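Here, each number is a calculation from the coordinates, and none is a lab measurement. Keep in mind that what you see is a predicted model, and the values were worked out from it rather than measured. Cβ placement follows ideal geometry from the backbone for every residue including glycine, while neighbour counts extend to all protein chains displayed.
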Amino acid sequence: MTTIRRKLPIGIQTFEKIRAGNYLYVDKTELVWQMASSNTPYFLSRPRRFGKSLLLSTFESYFSGRKDLFEGLAIANLETEWKEYPILHLDLNAEKYDAPERLYILINSYLARWEAKYGKDKNEDSLSTRFAGVIRRAYEQTGCGVVVLVDEYDKPLLQTLLNEPLQEEYRKTLKAFYGVLKSADAYLRFVFLTGVTKFAHVNVFSDLNQLSDISMVPQYSTICGITKEELLQVFTPEIEKVGEYNDLTFEQTVEKMTTLYDGYHFREKTPGIFNPFSVLNVLEYKLFDNFWFQTGTPTFLVELLKKSDYDLRLLIEGVEAEQSSFSEYRAEFSNPIPLIYQSGYLTIKEYDPVFKTYTLRFPNEEVKYAFLKFLQPAFLTN
């Protein structure tokens, strides 16, 4: 008897494609519904390849009223209206930001697409005024609040981390562009921005002070990634096959996957999170490898560490830090810990409620081994 091979969504970041293609899906829709039930503008910081793009795509399908895509999921028992809203989805992830015009070209292409649908006013002559105009017209033409989704909002800033003049130019552009979301509040139904970092030091969000940062909010700690409960609930047949291939029992396979890929905590007293990219690749190829790390260490992190005087050997035993010192990004060569943490190479392991300090360590063996073997020699050459 031939066993039907279930489909794993490796590299697929579109919710519609996952559901229509009958790929396995870890159901996060109850949390999606909770967030969508409010009018609060949200921000979420998570490391690369942790499912941020898929999460935004899930919101896009939800606010498109695609009830058919959510059949059998938690949200199907919660949502009753399935109303369609105008959606403006901006993805900053794909572009290479190495010249001033790069950011303008990308945003302009999105605006042109939205203007083709909702119209354009000839008096709108800047990116921000055009954005404001599109939001207002979309609201007026549909009678519904507008949904704005921004994926990897900080990509232009991260790529220009060591190019201060270019970063400053990008900062001014993004500050004005995102600032529209405050002045257009009356026309908005839902706003959600994702990225790796929270750029407190460049004041990108200073005009958007109502933004709710859920990066360390306990109830949303599992909105990206995979918990052990979800791993066992969704992927047990695949785990069994990995065990058979590697001559391991089911329990030994889960234990090895836990040691290698679990261990992310984005708040104290929250469940451990498995790296979803590594998990899916292990289940697909039946091999235990450094899948997440092999996708490439971000250039901005490597360059920052090369210029840093910080003794990175301290990371082996873990470092103590107050929340404000690692949850908000500041570009300081003397203290790269915030960027290392937000990039996913450190995570919360302990919390001292008396002194209100956190102990940050490598989340798991994949990250620890890869960091020590491949990354550290690059800047510990002296």
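For the peptides 29-36, 164-171, residues were scored by their other Cβ atoms within 10 Å and the scores averaged per peptide; the highest-first order is 29-36, 164-171. Within the straight-line cut-off of under 12 Å between alpha carbons, the aspartates and glutamates reachable from residue 373 are 365, sequence neighbours fewer than 8 places apart in one chain being disregarded. In the elastic network of the chain, a GNM with C-alpha springs shorter than 10 Å, the most mobile of 307, 122, 356 is 122. In the range 15-220, taking the dipole from charged Cβ atoms about the Cα centre, the farthest positive-side position among 70, 146, 205 is held by 70. Compared with the alpha-carbon gap, the fully stretched path from residue 303 to residue 129 is longer by 59.1 nm at 0.36 nm per residue.
Under 5 Å from the amide H of residue 193 lie the amide H atoms of 42, 43, 44, 150, each residue being 5 or more positions distant or on a separate chain, with H modelled from the backbone and absent for Pro and chain starts.
When each of the peptides 184-195, 73-84, 134-145 is scored by how many other beta carbons lie within 10 Å of its residues on average, the order from highest to lowest is 184-195, 134-145, 73-84.
Given +1 on the Cβ of Lys and Arg, -1 on the Cβ of Asp and Glu, and no further charges, what dipole in debye does the range 50-191 carry about its Cα centre, rounded to the nearest 20?
It works out to roughly 260 debye.
Sequence-ordered 3J(HN,Hα) estimates for the range 41-58 from the Karplus curve with 6.51, -1.76 and 1.60 and θ = phi - 60° stand at x, 10, 9, 9, 9, 8, x, 4, 6, 10, x, 5, 5, 5, 4, 5, 5, 5 Hz, glycine and proline given as x.
Taking the charge dipole of the chain about its Cα centre, with +1 at Lys and Arg Cβ atoms and -1 at Asp and Glu Cβ atoms, the residue from 288, 160, 342 reaching farthest to the positive side is 160. Less than 5 angstrom separates the built amide H of residue 188 from those of 146, all sequence-distant by 5 or more or on a different chain.
Packing, taken as the mean count of other beta carbons within 10 Å per residue, orders the peptides 318-327, 364-373 from highest to lowest as 364-373, 318-327. Compare the Cα positions of 279, 250, 263 along the charge dipole of the range 228-289 (+1 at Cβ of Lys, Arg; -1 at Cβ of Asp, Glu; about the Cα centre) and return the one farthest towards the positive end. Result: 263. Remark: spin-label model distance residue 316-residue 355 equals 2.2 nm, labels positioned 7 Å along the Cα→Cβ axis.
Taken over the C-alpha atoms, the range 228-289 has Rg and Dmax values of 11.4, 36 angstrom. The label-point distance for residue 169 and residue 250, in a model that sets each label 7 Å from Cα toward Cβ, rounds to 5.9 nm. Number of Lys-Lys pairs in the range 93-172 with C-alpha atoms under 26 Å apart and a separation of 8 or more places or on different chains: 5.
For the range 102-109, putting each phi into the Karplus relation 6.51 cos²θ - 1.76 cosθ + 1.60 with θ = phi - 60° gives couplings of 4, 5, 4, 4, 5, 5, 4, 5 Hz, in residue order, rounded to whole numbers and with x for Gly and Pro.
For mean projected area of the Cα convex hull in nm², the value computed from the atomic coordinates appears in the list (i) 18.0; (ii) 23.5; (iii) 21.1 under label (iii).
Stretching residue 10 away from residue 185 to a fully extended chain increases their span by 59.3 nm, per 0.36 nm per residue minus the current alpha-carbon distance.
Let me know the charge dipole size of the chain about its Cα centre in debye, to the nearest 20, where only the beta-carbon of Lys, Arg (+1) and Asp, Glu (-1) is charged.
Working: 44 positive and 51 negative charges, 138 e Å.
The dipole magnitude comes to about 660 debye.
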